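K.L.:
Dropping a structure here in structure tokens format, bear with me for questions.
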Amino acid sequence: MAPPQRFRVLRCCSCRLFQAHQEKKSLKWTCKACGEKQSFLRTYGEGSGADCRRHVQKLNLLQGQISEMSLRKNRSPQRAAG
């Protein structure tokens, strides 16, 4: 019986999205969202496909919440000092 497939959680250097990719011997990969070809510098997680997909969803949700908070902070009216 073949060993189960292993996946890695990677982050695109261009669009900054996290995504799960099947583990390969090659260090090159292509972003599924923007098509950017790159080599991976850091792995944010490893494991089964299901585990990595859940981790990717969590990381992308957190990243979205952080950027939304940042936008709200920049849009809020500035209080006058005084």
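The values are calculated or read from the model by the stated rules, or taken from the named source; none is laboratory data. Everything numeric here is computed off the predicted structure, so don't read it as measured data. Neighbour counts run over all protein chains shown; Cβ positions are idealised from the backbone, glycine included. Quick note on the areas: whole protein, heavy atoms, side chains included, nothing else; ligands and nucleic acids left out. Shrake-Rupley method; radii C 1.70, N 1.55, O 1.52, S 1.80 Å.
K.L.:
Applying the selection to the stretch 1-19, what residues are more than 8 Å from the chain's Cα centre (by Cα), farther than 14 Å from Ser39 by Cα and hydrophobic (A, V, I, L, M, F, W, C)?
P.N.:
Answer for the stretch 1-19, where residues must be more than 8 Å from the chain's Cα centre (by Cα), farther than 14 Å from Ser39 by Cα and hydrophobic (A, V, I, L, M, F, W, C): Met1, Ala2, Phe7, Cys15.
K.L.:
Within the stretch 13-37, which residues are of a type outside the set (Lys, Arg) and either in contact with a Phe, Trp or Tyr (Cβ under 8 Å, 6 or more places away or on another chain) or farther than 21 Å from Gly64 by Cα (or both)?
P.N.:
Phe18, Ala20, His21, Gln22, Glu23, Ser26, Leu27, Trp29, Thr30
K.L.:
Follow-up. Count, please, the residues in the stretch 59-79 that happen to be open to solvent by 90 Å² or more (accessible area, probe 1.4 Å) and either hydrophobic (A, V, I, L, M, F, W, C) or touching a strand residue (DSSP E or B) at 6+ places or on another chain (Cβ under 6 Å) (or both).
P.N.:
4
K.L.:
Out of Arg8, Arg75, report the one residue that is of a type in the set (D, E, K, R), on the phi < 0 side of the Ramachandran plot and in contact with a helix residue (DSSP H, G or I) (Cβ under 8 Å, 6 or more places away or on another chain).
P.N.:
Sole residue among the options that is of a type in the set (D, E, K, R), on the phi < 0 side of the Ramachandran plot and in contact with a helix residue (DSSP H, G or I) (Cβ under 8 Å, 6 or more places away or on another chain): Arg8.
K.L.:
Follow-up. Being on the phi < 0 side of the Ramachandran plot and touching a residue at least 12 places away in the same chain (Cβ under 8 Å) narrows it down to one of Gln57, Gln22, so name that one.
P.N.:
Answer to the check: Gln22.
K.L.:
Oh, and also: Exactly one of these conditions fails for Gln63: (1) part of a helix (DSSP H, G or I); (2) touching a helix residue (DSSP H, G or I) at 6+ places or on another chain (Cβ under 9 Å). Give me its number.
P.N.:
Checking Gln63 against (1) part of a helix (DSSP H, G or I); (2) touching a helix residue (DSSP H, G or I) at 6+ places or on another chain (Cβ under 9 Å), the one that fails is (2).
K.L.:
Here is a follow-up. For the stretch 1-58, enumerate the residues that are open to solvent by 100 Å² or more (accessible area, probe 1.4 Å), modelled with pLDDT of 95 or more and either part of a helix (DSSP H, G or I) or among the hydrophobic types (A, V, I, L, M, F, W, C) (or both).
P.N.:
Of everything in the stretch 1-58, those that are open to solvent by 100 Å² or more (accessible area, probe 1.4 Å), modelled with pLDDT of 95 or more and either part of a helix (DSSP H, G or I) or among the hydrophobic types (A, V, I, L, M, F, W, C) (or both) turn out to be Arg53, Arg54, Gln57, Lys58.
K.L.:
Is there any pair linking a residue in the stretch 35-53 that is closer than 18 Å to Gln5 by Cβ to one that is open to solvent by 100 Å² or more (accessible area, probe 1.4 Å) and part of a strand (DSSP E or B), with Cβ under 7 Å and at least six apart or on different chains, and which?
P.N.:
none
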